[in-house]
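*Asks:* Sharing a structure, written as structure tokens. Questions coming.
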Amino acid sequence: MNNPYSQGALTDVRFTQYHDDGEESLGPVIATLSLGGSATMTFKMKDRYYKGLTKTGRYNPMEFVPPGAALYNERRALNQLYGTMPNAQFDILRRQMYANNPAALKSNPVLVTAHLLHGDIIIMNGAAMQKYYVVSNVDAAVQHLSEPLTNPIIAQGCVDWQSSFRVDLPSHQEGVC
């Protein structure tokens, strides 16, 4: 662990906001260790990628459509048509696609629910995890202190190690723990 920080959570103060840990200076691996009481973590796709629309309602036909996204097949087929017809005609097809599937604009579903006990660890591996997905930490209903210890790995070259506290750890191969 080269950058651990503690995120204490009492049941009265719930961490229900969905977020990612994709800060620029962090590497692609985020590990969370649950200390104390139980907690539940839920993961879902970011709205932008699930729905295919930005917060302002813009559609980008050049943007990657992740598997599991709403209208996955329809959006991929529509995006193949981009540039083969006038933009106005493409926009009509885009509006029809969403009008014919209003459920696609509703809130995206939880994809993974993880129930954590004391000592459990979750490792989120890969930059795509932070780019396409968000996580929410929800404490159990029992009054307790849950202390998830989040450990983002600092990306090389993003921190001035000469002016920072540094702990040298044994080197490892990617994907090997």
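Read-outs: derived from the displayed coordinates by stated rules, not from any lab. All values derive from a computational prediction rather than experimental measurement. Cβ sites come from the backbone with ideal geometry, for glycine too, and all protein chains shown count toward neighbours.
*Asks:* Non-local amide H neighbours of VAL29 (under 5 Å, H modeled in plane, Pro and chain starts lacking H): which ones?
*Replies:* Amide H neighbours of VAL29, under 5 Å, 5+ apart: GLY126, ILE153.
*Asks:* Excluding LEU78 itself, what net charge comes from residues whose Cβ is under 15 Å from its Cβ, given Lys and Arg +1 and Asp and Glu -1?
*Replies:* +3
*Asks:* A follow-up question, please. What is the sum of charges, Lys and Arg at +1 and Asp and Glu at -1, for the other residues whose Cβ falls under 12 Å from the Cβ of LEU93?
*Replies:* My count for the surroundings of LEU93 gives +1.
*Asks:* Only counting other Cβ atoms within 10 Å, I'd like MET62, MET85 sorted with the fewest neighbours first.
*Replies:* MET62, MET85
*Asks:* Which far-off residues, 5 or more places away or on another chain, put their amide H under 5 Å from the one on LEU116, with H placed in the peptide plane?
*Replies:* Under 5 Å from the amide H of LEU116 lie the amide H atoms of ALA39, THR40, MET41, each far enough along the sequence or on another chain.
*Asks:* Then there's this: With viscosity set to 1.002 mPa s and temperature to 20 °C, compute the Stokes-Einstein D of segment 31-102, Rh being the Kirkwood radius across alpha carbon pairs; µm²/s, no decimals.
*Replies:* In µm²/s, the coefficient rounds to 151.
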